[in-house]
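Read the structure below first, then the notes.
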Amino acid sequence: MDFSLSVEEREIRDWVRTFVQKELVPLEQEVLRRERAHQPGLTGDELRELQLKAKESGFWGVQTPEEYGGMGLSATMTALLEAELGRTYVPFRFGGAADNILFHANEEQKQRYLLPTIEGTRTSCFAITEPGAGSDAKAIRTTARKDGSDWIINGEKTFITGGNEADFTMVFAITDPEKGANGGVTCFLVDRDMGWRSEYIDTMGEWGPASLIFDNVRVPESQILGELGQGFTLAMQWIGRGRYLLPARAIGSCERLVSMAIEHANTRETFGAPIADRQAIQWMIADSGVEIEALRWLVLHAAWQVDQGMDSRHAQSMAKLFGGQKANEIVDRVLQIHGGMGYTRELPVERWYRELRLLRIYEGTDEIQRRTIARNLLKGHAKVGGALG
Ligand SMILES: Cc1cc2nc3c(=O)[nH]c(=O)nc-3n(C[C@H](O)[C@H](O)[C@H](O)COP(=O)(O)OP(=O)(O)OC[C@H]3O[C@@H](n4cnc5c(N)ncnc54)[C@H](O)[C@@H]3O)c2cc1C
(Lines give C-alpha, C1' and ligand atoms only; values in the text may rest on other atoms or scores of the structure.)
Protein backbone atom coordinates (compact mmCIF):
# COMPACT_ATOMS: atom_id res chain seq x y z
CA MET A 1 0.00 0.00 0.00
CA ASP A 2 1.53 3.31 -1.13
CA PHE A 3 0.16 6.53 0.35
CA SER A 4 2.63 8.82 -1.43
CA LEU A 5 1.90 11.08 -4.39
CA SER A 6 3.46 10.34 -7.77
CA VAL A 7 5.95 12.86 -9.15
CA GLU A 8 3.29 14.14 -11.58
CA GLU A 9 0.65 14.45 -8.85
CA ARG A 10 3.09 16.36 -6.66
CA GLU A 11 4.03 18.70 -9.51
CA ILE A 12 0.41 19.51 -10.35
CA ARG A 13 -0.49 19.92 -6.68
CA ASP A 14 2.51 22.19 -6.09
CA TRP A 15 1.67 24.35 -9.10
CA VAL A 16 -1.80 25.01 -7.68
CA ARG A 17 -0.39 25.64 -4.21
CA THR A 18 1.92 28.29 -5.67
CA PHE A 19 -0.91 29.79 -7.74
CA VAL A 20 -3.04 30.11 -4.61
CA GLN A 21 -0.17 31.73 -2.70
CA LYS A 22 0.93 34.10 -5.45
CA GLU A 23 -2.33 35.02 -7.18
CA LEU A 24 -5.19 34.47 -4.73
CA VAL A 25 -3.98 35.03 -1.17
CA PRO A 26 -2.87 38.62 -1.98
CA LEU A 27 -6.49 39.37 -2.99
CA GLU A 28 -7.95 38.23 0.32
CA GLN A 29 -8.13 41.59 2.11
CA GLU A 30 -9.82 43.24 -0.87
CA VAL A 31 -12.27 40.32 -1.21
CA LEU A 32 -13.19 40.65 2.47
CA ARG A 33 -13.55 44.41 2.15
CA ARG A 34 -15.89 44.11 -0.82
CA GLU A 35 -17.96 41.37 0.74
CA ARG A 36 -18.39 43.46 3.87
CA ALA A 37 -19.77 46.16 1.52
CA HIS A 38 -22.21 43.57 0.07
CA GLN A 39 -20.38 43.36 -3.24
CA PRO A 40 -19.09 40.19 -4.93
CA GLY A 41 -15.58 39.31 -3.77
CA LEU A 42 -14.40 39.05 -7.39
CA THR A 43 -16.05 40.58 -10.43
CA GLY A 44 -16.76 38.33 -13.41
CA ASP A 45 -13.94 40.00 -15.33
CA GLU A 46 -11.45 39.48 -12.50
CA LEU A 47 -12.39 35.81 -12.21
CA ARG A 48 -12.01 35.39 -15.96
CA GLU A 49 -8.60 37.10 -15.90
CA LEU A 50 -7.38 34.74 -13.17
CA GLN A 51 -8.77 31.75 -15.07
CA LEU A 52 -6.93 32.82 -18.23
CA LYS A 53 -3.74 33.26 -16.24
CA ALA A 54 -4.09 29.67 -15.01
CA LYS A 55 -4.86 28.58 -18.56
CA GLU A 56 -1.48 29.90 -19.73
CA SER A 57 0.04 27.11 -17.64
CA GLY A 58 -2.46 24.56 -18.96
CA PHE A 59 -4.89 24.69 -16.01
CA TRP A 60 -8.20 24.76 -17.84
CA GLY A 61 -11.10 22.33 -17.72
CA VAL A 62 -9.65 20.27 -14.89
CA GLN A 63 -12.12 17.41 -15.40
CA THR A 64 -13.20 18.29 -18.94
CA PRO A 65 -12.14 15.56 -21.38
CA GLU A 66 -9.04 16.35 -23.45
CA GLU A 67 -11.05 16.14 -26.69
CA TYR A 68 -12.92 19.25 -25.48
CA GLY A 69 -9.69 21.08 -24.65
CA GLY A 70 -9.63 20.14 -20.96
CA MET A 71 -7.07 18.42 -18.76
CA GLY A 72 -9.18 15.31 -18.13
CA LEU A 73 -7.62 14.89 -14.69
CA SER A 74 -8.49 11.95 -12.47
CA ALA A 75 -10.86 12.27 -9.53
CA THR A 76 -7.95 11.82 -7.12
CA MET A 77 -5.96 14.61 -8.73
CA THR A 78 -9.03 16.87 -8.78
CA ALA A 79 -9.61 16.24 -5.07
CA LEU A 80 -6.01 17.25 -4.37
CA LEU A 81 -6.49 20.45 -6.39
CA GLU A 82 -9.75 21.30 -4.63
CA ALA A 83 -8.03 20.95 -1.26
CA GLU A 84 -5.42 23.48 -2.41
CA LEU A 85 -8.09 25.95 -3.59
CA GLY A 86 -9.87 25.55 -0.25
CA ARG A 87 -6.90 27.18 1.50
CA THR A 88 -8.24 30.57 0.50
CA TYR A 89 -11.73 32.05 0.64
CA VAL A 90 -11.14 33.99 -2.59
CA PRO A 91 -14.00 32.60 -4.72
CA PHE A 92 -11.90 31.14 -7.53
CA ARG A 93 -12.55 28.11 -9.71
CA PHE A 94 -10.66 26.99 -12.79
CA GLY A 95 -12.24 27.85 -16.15
CA GLY A 96 -13.15 25.41 -18.90
CA ALA A 97 -15.69 23.38 -16.91
CA ALA A 98 -19.20 22.26 -17.83
CA ASP A 99 -21.87 20.29 -15.95
CA ASN A 100 -21.31 16.59 -16.53
CA ILE A 101 -24.84 16.04 -17.87
CA LEU A 102 -24.32 18.61 -20.64
CA PHE A 103 -22.13 16.00 -22.32
CA HIS A 104 -25.40 14.13 -23.03
CA ALA A 105 -26.35 16.95 -25.39
CA ASN A 106 -26.90 16.13 -29.07
CA GLU A 107 -24.60 17.69 -31.67
CA GLU A 108 -26.74 20.77 -32.19
CA GLN A 109 -27.13 21.32 -28.41
CA LYS A 110 -23.40 20.85 -27.91
CA GLN A 111 -22.73 23.82 -30.19
CA ARG A 112 -25.30 25.99 -28.41
CA TYR A 113 -24.77 24.95 -24.80
CA LEU A 114 -21.84 22.67 -24.03
CA LEU A 115 -19.05 24.35 -25.98
CA PRO A 116 -19.92 27.95 -24.97
CA THR A 117 -20.15 26.78 -21.33
CA ILE A 118 -16.68 25.25 -21.52
CA GLU A 119 -15.44 28.40 -23.21
CA GLY A 120 -17.00 30.51 -20.44
CA THR A 121 -19.18 32.63 -22.72
CA ARG A 122 -22.41 31.07 -21.38
CA THR A 123 -23.29 29.99 -17.85
CA SER A 124 -25.66 27.27 -16.70
CA CYS A 125 -27.56 26.36 -13.57
CA PHE A 126 -29.01 23.06 -12.38
CA ALA A 127 -32.61 23.29 -11.20
CA ILE A 128 -34.34 20.42 -9.44
CA THR A 129 -35.13 21.65 -5.91
CA GLU A 130 -38.56 23.19 -5.34
CA PRO A 131 -40.23 24.80 -2.32
CA GLY A 132 -41.94 21.45 -1.64
CA ALA A 133 -39.19 19.08 -2.81
CA GLY A 134 -35.58 19.17 -1.57
CA SER A 135 -34.25 15.96 -0.02
CA ASP A 136 -37.27 14.22 -1.50
CA ALA A 137 -36.49 15.23 -5.08
CA LYS A 138 -39.03 12.76 -6.44
CA ALA A 139 -41.76 15.04 -5.06
CA ILE A 140 -41.18 17.78 -7.67
CA ARG A 141 -44.34 19.37 -9.10
CA THR A 142 -43.04 21.52 -11.96
CA THR A 143 -44.78 20.31 -15.10
CA ALA A 144 -44.08 20.34 -18.82
CA ARG A 145 -47.23 19.90 -20.91
CA LYS A 146 -47.11 19.01 -24.58
CA ASP A 147 -48.71 21.56 -26.91
CA GLY A 148 -48.27 20.72 -30.59
CA SER A 149 -44.55 20.23 -31.04
CA ASP A 150 -43.72 22.45 -28.03
CA TRP A 151 -43.64 21.93 -24.28
CA ILE A 152 -45.08 24.41 -21.80
CA ILE A 153 -43.31 24.56 -18.45
CA ASN A 154 -44.96 25.74 -15.24
CA GLY A 155 -43.60 25.71 -11.71
CA GLU A 156 -41.08 27.16 -9.29
CA LYS A 157 -37.56 26.04 -8.48
CA THR A 158 -35.69 27.26 -5.43
CA PHE A 159 -32.14 27.53 -4.01
CA ILE A 160 -30.61 27.34 -7.47
CA THR A 161 -26.88 28.08 -7.40
CA GLY A 162 -25.96 30.53 -10.14
CA GLY A 163 -29.64 31.03 -10.96
CA ASN A 164 -29.30 34.82 -10.85
CA GLU A 165 -26.46 34.88 -13.35
CA ALA A 166 -27.15 31.89 -15.62
CA ASP A 167 -27.97 32.33 -19.33
CA PHE A 168 -29.72 28.99 -19.37
CA THR A 169 -30.94 26.36 -16.95
CA MET A 170 -31.18 22.59 -16.95
CA VAL A 171 -34.63 22.32 -15.42
CA PHE A 172 -36.41 19.13 -14.38
CA ALA A 173 -40.15 18.84 -14.98
CA ILE A 174 -42.80 16.14 -14.90
CA THR A 175 -43.78 15.11 -18.42
CA ASP A 176 -45.72 12.01 -17.40
CA PRO A 177 -47.50 12.29 -14.02
CA GLU A 178 -48.37 8.58 -14.03
CA LYS A 179 -44.74 7.53 -14.15
CA GLY A 180 -43.31 10.41 -12.05
CA ALA A 181 -39.63 9.88 -11.24
CA ASN A 182 -39.75 6.41 -12.81
CA GLY A 183 -39.63 7.57 -16.42
CA GLY A 184 -41.90 10.60 -16.23
CA VAL A 185 -39.40 13.40 -15.46
CA THR A 186 -37.58 15.18 -18.29
CA CYS A 187 -34.67 17.63 -18.32
CA PHE A 188 -35.06 20.74 -20.52
CA LEU A 189 -32.41 23.23 -21.59
CA VAL A 190 -34.14 26.58 -21.21
CA ASP A 191 -32.58 29.93 -22.07
CA ARG A 192 -33.44 32.83 -19.80
CA ASP A 193 -34.83 34.73 -22.76
CA MET A 194 -37.32 31.92 -23.37
CA GLY A 195 -39.23 33.38 -20.44
CA TRP A 196 -38.18 32.24 -16.97
CA ARG A 197 -37.18 34.77 -14.35
CA SER A 198 -35.09 34.55 -11.21
CA GLU A 199 -35.33 36.06 -7.75
CA TYR A 200 -32.35 36.42 -5.44
CA ILE A 201 -32.42 34.54 -2.11
CA ASP A 202 -30.43 36.16 0.69
CA THR A 203 -28.50 33.64 2.79
CA MET A 204 -26.04 33.65 5.68
CA GLY A 205 -23.28 33.09 3.10
CA GLU A 206 -21.52 35.61 0.90
CA TRP A 207 -23.58 34.74 -2.15
CA GLY A 208 -27.18 33.84 -2.73
CA PRO A 209 -28.91 31.25 -4.89
CA ALA A 210 -32.15 32.00 -6.75
CA SER A 211 -35.74 30.99 -7.18
CA LEU A 212 -36.60 30.33 -10.83
CA ILE A 213 -40.16 31.01 -11.89
CA PHE A 214 -41.67 29.28 -14.92
CA ASP A 215 -44.98 30.76 -15.93
CA ASN A 216 -46.16 29.15 -19.17
CA VAL A 217 -42.64 29.02 -20.61
CA ARG A 218 -42.88 27.55 -24.11
CA VAL A 219 -39.92 25.55 -25.42
CA PRO A 220 -39.55 23.45 -28.57
CA GLU A 221 -39.01 19.68 -28.40
CA SER A 222 -35.38 20.24 -29.40
CA GLN A 223 -34.69 21.62 -25.89
CA ILE A 224 -34.94 18.20 -24.26
CA LEU A 225 -31.58 17.12 -22.84
CA GLY A 226 -31.05 13.38 -23.15
CA GLU A 227 -34.19 11.27 -23.51
CA LEU A 228 -37.80 12.14 -22.81
CA GLY A 229 -38.68 10.72 -19.39
CA GLN A 230 -35.07 10.03 -18.37
CA GLY A 231 -34.53 13.30 -16.49
CA PHE A 232 -34.40 11.81 -13.02
CA THR A 233 -31.48 9.59 -14.00
CA LEU A 234 -29.67 12.67 -15.34
CA ALA A 235 -30.41 14.58 -12.13
CA MET A 236 -28.94 11.79 -10.00
CA GLN A 237 -25.91 11.69 -12.28
CA TRP A 238 -25.38 15.45 -11.80
CA ILE A 239 -25.73 15.21 -8.01
CA GLY A 240 -23.47 12.17 -7.84
CA ARG A 241 -20.80 13.68 -10.10
CA GLY A 242 -18.46 14.58 -7.34
CA ARG A 243 -19.79 14.51 -3.84
CA TYR A 244 -16.18 14.01 -2.73
CA LEU A 245 -15.22 17.42 -4.14
CA LEU A 246 -17.15 19.45 -1.55
CA PRO A 247 -15.37 17.93 1.48
CA ALA A 248 -12.12 18.01 -0.56
CA ARG A 249 -12.26 21.79 -0.58
CA ALA A 250 -13.03 21.77 3.15
CA ILE A 251 -9.72 19.97 3.81
CA GLY A 252 -7.82 23.03 2.58
CA SER A 253 -10.01 25.45 4.52
CA CYS A 254 -9.54 23.47 7.73
CA GLU A 255 -5.78 23.25 7.22
CA ARG A 256 -5.56 27.00 6.83
CA LEU A 257 -7.86 27.63 9.79
CA VAL A 258 -5.92 25.33 12.09
CA SER A 259 -2.65 27.00 11.00
CA MET A 260 -4.18 30.32 12.05
CA ALA A 261 -5.25 28.80 15.37
CA ILE A 262 -1.74 27.42 16.00
CA GLU A 263 -0.15 30.79 15.30
CA HIS A 264 -2.63 32.56 17.55
CA ALA A 265 -2.23 29.98 20.33
CA ASN A 266 1.54 30.35 20.27
CA THR A 267 1.49 34.13 20.45
CA ARG A 268 -1.54 35.01 22.59
CA GLU A 269 -0.63 35.11 26.28
CA THR A 270 -3.00 34.91 29.24
CA PHE A 271 -2.08 34.56 32.90
CA GLY A 272 1.60 34.86 31.97
CA ALA A 273 1.82 32.08 29.40
CA PRO A 274 0.83 31.40 25.78
CA ILE A 275 -2.59 29.81 25.55
CA ALA A 276 -0.83 27.04 23.58
CA ASP A 277 0.49 25.83 26.95
CA ARG A 278 -3.07 25.04 28.12
CA GLN A 279 -4.35 21.53 27.67
CA ALA A 280 -7.82 22.84 26.75
CA ILE A 281 -6.32 24.54 23.69
CA GLN A 282 -3.94 21.67 22.88
CA TRP A 283 -6.78 19.18 22.72
CA MET A 284 -8.71 21.35 20.29
CA ILE A 285 -5.62 21.53 18.06
CA ALA A 286 -4.98 17.79 18.41
CA ASP A 287 -8.55 16.75 17.61
CA SER A 288 -8.64 19.06 14.61
CA GLY A 289 -5.35 17.69 13.26
CA VAL A 290 -6.60 14.10 13.55
CA GLU A 291 -9.93 14.89 11.94
CA ILE A 292 -8.40 16.72 8.98
CA GLU A 293 -6.17 13.70 8.39
CA ALA A 294 -9.11 11.29 8.62
CA LEU A 295 -11.11 13.47 6.23
CA ARG A 296 -8.24 13.55 3.74
CA TRP A 297 -8.20 9.77 3.52
CA LEU A 298 -11.98 9.44 3.31
CA VAL A 299 -12.01 11.92 0.43
CA LEU A 300 -9.06 10.41 -1.40
CA HIS A 301 -10.45 6.92 -0.96
CA ALA A 302 -13.81 7.98 -2.44
CA ALA A 303 -12.00 9.69 -5.32
CA TRP A 304 -9.86 6.60 -5.87
CA GLN A 305 -13.02 4.48 -6.13
CA VAL A 306 -14.35 6.89 -8.76
CA ASP A 307 -11.10 6.49 -10.73
CA GLN A 308 -11.35 2.69 -10.48
CA GLY A 309 -14.87 2.81 -11.95
CA MET A 310 -16.23 1.29 -8.73
CA ASP A 311 -19.63 2.13 -7.25
CA SER A 312 -18.36 4.95 -5.06
CA ARG A 313 -21.67 6.23 -3.66
CA HIS A 314 -21.17 4.79 -0.18
CA ALA A 315 -17.62 6.13 0.10
CA GLN A 316 -18.70 9.51 -1.23
CA SER A 317 -21.55 9.77 1.27
CA MET A 318 -19.16 8.94 4.11
CA ALA A 319 -16.69 11.62 2.96
CA LYS A 320 -19.45 14.22 2.54
CA LEU A 321 -21.01 13.46 5.95
CA PHE A 322 -17.71 13.43 7.84
CA GLY A 323 -16.47 16.51 5.99
CA GLY A 324 -19.59 18.53 6.78
CA GLN A 325 -19.60 17.53 10.42
CA LYS A 326 -15.91 17.88 11.15
CA ALA A 327 -15.27 21.06 9.15
CA ASN A 328 -17.99 22.71 11.21
CA GLU A 329 -16.56 21.45 14.50
CA ILE A 330 -13.07 22.55 13.46
CA VAL A 331 -14.03 26.09 12.41
CA ASP A 332 -15.96 26.43 15.68
CA ARG A 333 -12.86 25.43 17.67
CA VAL A 334 -10.67 27.80 15.66
CA LEU A 335 -13.10 30.62 16.37
CA GLN A 336 -13.03 29.69 20.07
CA ILE A 337 -9.22 29.71 20.16
CA HIS A 338 -9.26 33.23 18.72
CA GLY A 339 -11.63 34.41 21.47
CA GLY A 340 -13.40 37.71 20.79
CA MET A 341 -11.26 38.36 17.71
CA GLY A 342 -12.61 35.17 16.15
CA TYR A 343 -16.11 36.60 16.35
CA THR A 344 -15.20 39.87 14.62
CA ARG A 345 -15.30 40.66 10.93
CA GLU A 346 -11.65 41.72 11.04
CA LEU A 347 -10.65 38.08 10.66
CA PRO A 348 -12.05 35.70 8.04
CA VAL A 349 -12.84 32.99 10.63
CA GLU A 350 -16.50 33.96 10.96
CA ARG A 351 -16.75 34.05 7.14
CA TRP A 352 -15.53 30.48 6.92
CA TYR A 353 -17.83 29.58 9.82
CA ARG A 354 -20.83 30.72 7.80
CA GLU A 355 -19.60 29.25 4.51
CA LEU A 356 -18.78 25.80 5.89
CA ARG A 357 -22.24 25.52 7.43
CA LEU A 358 -23.66 25.01 3.94
CA LEU A 359 -21.64 21.83 3.54
CA ARG A 360 -24.08 20.08 5.89
CA ILE A 361 -27.05 21.03 3.70
CA TYR A 362 -26.56 21.12 -0.05
CA GLU A 363 -26.03 18.19 -2.37
CA GLY A 364 -27.55 15.91 0.25
CA THR A 365 -27.93 16.92 3.90
CA ASP A 366 -26.14 15.11 6.75
CA GLU A 367 -29.34 13.20 7.43
CA ILE A 368 -29.68 12.08 3.82
CA GLN A 369 -26.04 10.89 3.76
CA ARG A 370 -26.69 8.96 6.99
CA ARG A 371 -29.82 7.50 5.44
CA THR A 372 -27.80 6.28 2.44
CA ILE A 373 -24.97 4.91 4.58
CA ALA A 374 -27.34 3.16 7.00
CA ARG A 375 -29.40 1.66 4.18
CA ASN A 376 -26.27 0.32 2.47
CA LEU A 377 -25.02 -1.26 5.70
CA LEU A 378 -28.36 -2.65 6.82
CA LYS A 379 -29.17 -4.13 3.45
CA GLY A 380 -25.66 -5.46 2.90
CA HIS A 381 -24.82 -3.27 -0.12
CA ALA A 382 -21.72 -2.15 1.79
CA LYS A 383 -19.71 -3.83 4.52
CA VAL A 384 -18.57 -2.49 7.85
CA GLY A 385 -14.82 -2.68 7.31
CA GLY A 386 -14.97 -0.95 3.97
CA ALA A 387 -13.69 -1.85 0.54
CA LEU A 388 -10.59 -3.62 1.91
CA GLY A 389 -12.51 -5.56 4.58
C1 LIG B 1 -27.00 27.71 -0.90
C2 LIG B 1 -27.73 26.56 -1.51
C3 LIG B 1 -27.46 26.20 -2.83
C4 LIG B 1 -28.19 25.18 -3.44
N5 LIG B 1 -27.97 24.90 -4.79
C6 LIG B 1 -28.85 24.09 -5.44
C7 LIG B 1 -28.80 23.96 -6.87
O8 LIG B 1 -27.94 24.52 -7.54
N9 LIG B 1 -29.75 23.20 -7.49
C10 LIG B 1 -30.72 22.56 -6.79
O11 LIG B 1 -31.56 21.90 -7.43
N12 LIG B 1 -30.78 22.63 -5.42
C13 LIG B 1 -29.88 23.40 -4.73
N14 LIG B 1 -29.95 23.52 -3.35
C15 LIG B 1 -30.99 22.78 -2.64
C16 LIG B 1 -30.43 21.76 -1.67
O17 LIG B 1 -29.94 20.64 -2.37
C18 LIG B 1 -31.56 21.42 -0.66
O19 LIG B 1 -31.72 22.56 0.17
C20 LIG B 1 -31.24 20.20 0.17
O21 LIG B 1 -31.27 19.05 -0.63
C22 LIG B 1 -32.25 20.02 1.33
O23 LIG B 1 -33.57 20.15 0.89
P24 LIG B 1 -34.57 21.13 1.68
O25 LIG B 1 -33.90 22.43 1.86
O26 LIG B 1 -35.87 21.12 0.95
O27 LIG B 1 -34.73 20.47 3.09
P28 LIG B 1 -35.78 19.29 3.45
O29 LIG B 1 -35.65 18.20 2.46
O30 LIG B 1 -37.11 19.87 3.68
O31 LIG B 1 -35.20 18.80 4.83
C32 LIG B 1 -35.41 19.52 6.06
C33 LIG B 1 -34.66 18.75 7.16
O34 LIG B 1 -35.23 17.44 7.29
C35 LIG B 1 -34.21 16.47 7.11
N36 LIG B 1 -34.78 15.31 6.44
C37 LIG B 1 -35.42 15.28 5.24
N38 LIG B 1 -35.77 14.02 4.93
C39 LIG B 1 -35.33 13.23 5.95
C40 LIG B 1 -35.37 11.83 6.20
N41 LIG B 1 -35.92 10.98 5.36
N42 LIG B 1 -34.83 11.38 7.36
C43 LIG B 1 -34.24 12.23 8.24
N44 LIG B 1 -34.17 13.57 8.05
C45 LIG B 1 -34.71 14.06 6.91
C46 LIG B 1 -33.14 17.15 6.27
O47 LIG B 1 -31.88 16.52 6.41
C48 LIG B 1 -33.18 18.55 6.86
O49 LIG B 1 -32.44 18.57 8.04
C50 LIG B 1 -29.17 24.48 -2.70
C51 LIG B 1 -29.40 24.82 -1.36
C52 LIG B 1 -28.70 25.85 -0.76
C53 LIG B 1 -29.00 26.20 0.67
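The values are calculated or read from the model by the stated rules, or taken from the named source; none is laboratory data. All of these numbers come straight from a predicted model, not from anything done at the bench. Don't worry about glycine lacking a Cβ; one is built from the backbone with ideal geometry, like all the others, and counts go over all protein chains shown. These accessible areas exclude ligands, DNA and RNA; they are computed on the full protein's heavy atoms, side chains included. Shrake-Rupley method; radii C 1.70, N 1.55, O 1.52, S 1.80 Å.
Quick look at the values:
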quantity	calculated
Subset of segment 319-333 that is open to solvent by 50 Å² or more (accessible area, probe 1.4 Å) and of a type in the set (D, E, K, R) - its residue that is farthest from residue 366 (Cα to Cα)	332
Subset of segment 358-389 that is of a type in the set (A, V, I, L, M, F, W, C) and free of Cβ contacts under 8 Å to residues at least 60 places away in the same chain - its residue that is nearest to residue 327 (Cα to Cα)	361
Hits in segment 236-273 - residues which are at pLDDT below 95 and in contact with a strand residue (DSSP E or B) (Cβ under 7 Å, 6 or more places away or on another chain)	238
Candidate set from segment 290-305 (those that are of a type in the set (A, V, I, L, M) and closer than 16 Å to residue 384 by Cα); member that is surrounded by the fewest Cβ atoms within 10 Å (Cβ to Cβ)	298
Subset of segment 339-361 (residues that are open to solvent by 40 Å² or more (accessible area, probe 1.4 Å), of a type outside the set (D, E, K, R) and either farther than 30 Å from residue 277 by Cα or within 16 Å of the ligand (Cβ to nearest atom) (or both))	353, 358, 361
Residues of segment 65-98 that turn out to be more than 16 Å from residue 252 (Cα to Cα), open to solvent by less than 30 Å² (accessible area, probe 1.4 Å) and not in a loop (DSSP other than H, G, I, E, B), as a count	1
Some residue of segment 54-61 being among the aliphatic types (A, V, I, L, M) and loosely packed, with under 12 Cβ neighbours inside 10 Å	no
Flag if residue 364 is more than 22 Å from residue 286 (Cβ to Cβ) and crowded, with 17+ Cβ neighbours inside 10 Å	yes
Residue match in segment 245-266 (condition: more than 21 Å from residue 25 (Cβ to Cβ) and assigned to a loop (DSSP other than H, G, I, E, B))	no
Those residues of segment 222-232 which are within 16 Å of the ligand (Cβ to nearest atom) and not in a strand (DSSP E or B), in sequence order	231, 232
Residue identified as more than 22 Å from the chain's Cα centre (by Cα) and among the basic types (Lys, Arg) among 93, 145	145
Flag for residue 219 being β-branched (Val, Ile, Thr), outside any helix (DSSP H, G or I) and either out of contact with any strand residue (DSSP E or B) (no Cβ under 7 Å at 6 or more places or on another chain) or closer than 21 Å to residue 150 by Cα (or both)	yes
Criterion: open to solvent by 30 Å² or more (accessible area, probe 1.4 Å) and either without any contact (Cβ under 8 Å) to a residue 24 or more places away in the chain or within 16 Å of the ligand (Cβ to nearest atom) (or both) - qualifying residue of 336, 316, 308	308
